[in-house]
Amino acid sequence: MTESAGQALLEVRDLTVHHGQLRALDRISLRVLPGEVYAIIGANGAGKSTLLRTIAGLHTPTEGSVLLDGRDVTKVRPERRATSGIAMVPEGRRLFGSLTVEENLLVGATYARKGPWNIERVYEMFGWMKDRRSQRTAQLSGGEQQSVAIGRALVANPRVLLLDELSLGLAPVVVQRIYGMMPQILAAGLTVLLVEQDVSQALQVASHLQCLLEGHTTLEGRPDEVTAEQVEAAYFGLGSPSPGSPPAGPERPPKGGPGGYGGAGSPPVSGVGLGGVVPSGEAQLWSGSTTSSRGS
Ligand SMILES: Nc1ncnc2c1ncn2[C@@H]1O[C@H](COP(=O)(O)OP(=O)(O)OP(=O)(O)O)[C@@H](O)[C@H]1O
Ligand SMILES: [Mg+2]
């Protein structure tokens with residue numbers, strides 16, 4: 001692993017996690033420096049969500065540790081990790097669909113650190129949201145729901161924001177818009193650890209990249225240090241897999257949605273097969289839209 005200088009804000013050391021008999025993560029290590037956007041890429045079943053969920057305290061590792069600002073939080077309960085500064089936008093958003101936008105944001109504020117983020121600030125960031133704060137989130141489009149999920153994490157005032165596949169099920173142009181908020185998040189002093197199957201999207205925003213394959217690290221470095229061929233080989237386990245890695249290839253079928261696979265032989269990229277069509281109501285995710293919309 002490349003040694004990065006400086007004190008890591010988030011560090012994972014030799015993390016091994018089992019789901020029953022399955023070794024979902026095998027001695028994974030990473031160091032996320034303050035202000036970084038650190039991207040974890042990998043195919044279905046690589047262990048990306050398991051990694052984020054373990055950092056958030058939702059899985060107990062078999063071995064290894066998680067450190068926040070040098071403090072070992074491996075045995076700290078999830079709600080205490082939230083108040084210590086770790087917040088997650090989970091895969092699939094996991095909003096309470098029968099609750100309103102504002103009620104979902106209030107859930108995020110339950111275990112919050114003190115800090116600059118509050119619901120009003122989230123409304124300022126997502127201009128459409130305040131006018132629709134009383135709408136149930138089940139009635140929102142996919143992109144709008146993702147925005148609420150991000151807002152719910154922000155109101156906890158995290159130091160480290162964990163983002164699990166923001167692109168999932170969203171049209172490429174919406175994904176671009178969602179990721180377009182990254183500068184605002186970083187300007188507010190946050191550090192980001194994100195997971196993506198959409199490699200081109202991850203490469204656009206990441207300052208550091210790590211590829212997982214079936215629980216192992218297959219590539220790690222700055223985006224400008226790695227070639228497309230190396231990324232492809234690491235993603236699919238082509239060439240020389242790391243010791244102990246099984247043969248290449250995802251075992252599970254790809255998830256649906258435009259963030260899914262871009263075709264055999266290449267890691268998935270934004271834009272495949274959709275031609276940049278904006279779903280109704282998504283065009284104004286970041287400004288003052290008041291139009292109601294459904295689906296993504
Ligand atoms: N709660 C669980 N119980 C049992 N097995 C699990 C559980 N969660 C994940 N797994 C298995 O662990 C492995 C890693 O899953 P994980 O969800 O972390 O992968 P992922 O990289 O996030 O995949 P995806 O891109 O599909 O979201 C997979 O084989 C998965 O089937
Ligand atoms: Mg996942």
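Per-residue answers, yes or no, for (1) within 16 Å of ligand 2 (Cβ to nearest atom); (2) farther than 30 Å from Ala82 by Cβ:
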residue: Pro183; (1), (2): no, no
residue: Ala187; (1), (2): no, no
residue: Leu193; (1), (2): yes, no
residue: Leu203; (1), (2): no, no
residue: Leu209; (1), (2): no, no
residue: Leu212; (1), (2): yes, no
residue: Gly215; (1), (2): yes, no
residue: Leu219; (1), (2): no, yes
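When restricted to residues that are more than 16 Å from ligand 2 (Cβ to nearest atom) and within 17 Å of the chain's Cα centre (by Cα), the stretch 51-77 contains 1. Got at least one residue in the stretch 59-82 being over 27 Å from Gln230 (Cα atoms), buried (at least 19 other Cβ atoms within 10 Å of the Cβ) and in contact with a Phe, Trp or Tyr (Cβ under 7 Å, 6 or more places away or on another chain)? Checking the stretch 59-82: at least one residue is over 27 Å from Gln230 (Cα atoms), buried (at least 19 other Cβ atoms within 10 Å of the Cβ) and in contact with a Phe, Trp or Tyr (Cβ under 7 Å, 6 or more places away or on another chain).
Right, Leu168: buried (at least 17 other Cβ atoms within 10 Å of the Cβ), of a type outside the set (Ser, Thr, Tyr) and in a loop (DSSP other than H, G, I, E, B) or not? In short, yes. Among the numbered conditions (1) within 16 Å of ligand 1 (Cβ to nearest atom); (2) within 12 Å of the chain's Cα centre (by Cα), tell me where Leu219 comes up short. The number of the failed condition is (2).
When the stretch 16-37 is filtered for residues that are within 16 Å of ligand 2 (Cβ to nearest atom) and either under 20 Å from the mean Cα position of the chain (by Cα) or of a type in the set (Asp, Glu) (or both), the ones remaining, listed by number, are Val17, Ala24, Leu25, Ile28. Evaluated against (1) part of a strand (DSSP E or B); (2) at positive phi, Gly35 falls short on exactly one condition, (1). In the stretch 67-89, the residues that are small (Gly, Ala, Ser) reach residues that are exposed (fewer than 13 other Cβ atoms within 10 Å of the Cβ) with C-beta atoms within less than 9 angstrom, at least six apart or across chains, in these pairs: Gly70/Gln7; Ala82/Thr110; Ser84/Arg71. Selection within the stretch 21-74: residues that are more than 15 Å from ligand 1 (Cβ to nearest atom) and of a type in the set (S, T, N, Q). The member of this set that is farthest from Ser207 (Cα to Cα) is Thr74.
Suppose the filter is modelled with pLDDT under 90 and charged (D, E, K, R); does Arg77 pass it? When the stated conditions are applied, Arg77 does not pass them.
Could you pull out the residue among Tyr111, Tyr123 that is assigned to a loop (DSSP other than H, G, I, E, B) and surrounded by 15 or more Cβ atoms within 10 Å (Cβ to Cβ)? Talk me through it step by step, then tell me what you get.
Working: Tyr123 fails: assigned to a loop (DSSP other than H, G, I, E, B).
None of the others qualify; the one that does is Tyr111.
The set of residues from the stretch 167-198 being at pLDDT below 90, within 13 Å of ligand 1 (Cβ to nearest atom) and not acidic (Asp, Glu) comprises Ser167, Leu168, Gly169, Gln197.
Within the stretch 92-105, restricting attention to residues that are assigned to a helix (DSSP H, G or I) and touching a residue at least 24 places away in the same chain (Cβ under 8 Å), which residue is surrounded by the fewest Cβ atoms within 10 Å (Cβ to Cβ)? Break it down into steps so the answer makes sense when it comes.
Of the residues in the stretch 92-105, the ones assigned to a helix (DSSP H, G or I) are 101-105.
In the following step, the residues that additionally are touching a residue at least 24 places away in the same chain (Cβ under 8 Å) were identified as 101-102, 104-105.
Values: Val101: 30, Glu102: 20, Asn104: 23, Leu105: 24.
Residue satisfying both the conditions and the ranking: Glu102.
The values are calculated or read from the model by the stated rules, or taken from the named source; none is laboratory data. Nothing here was measured: the structure is a model prediction, and the numbers come from that model. Cβ: placed from backbone, ideal geometry, glycine included. Neighbour counts: every protein chain shown.
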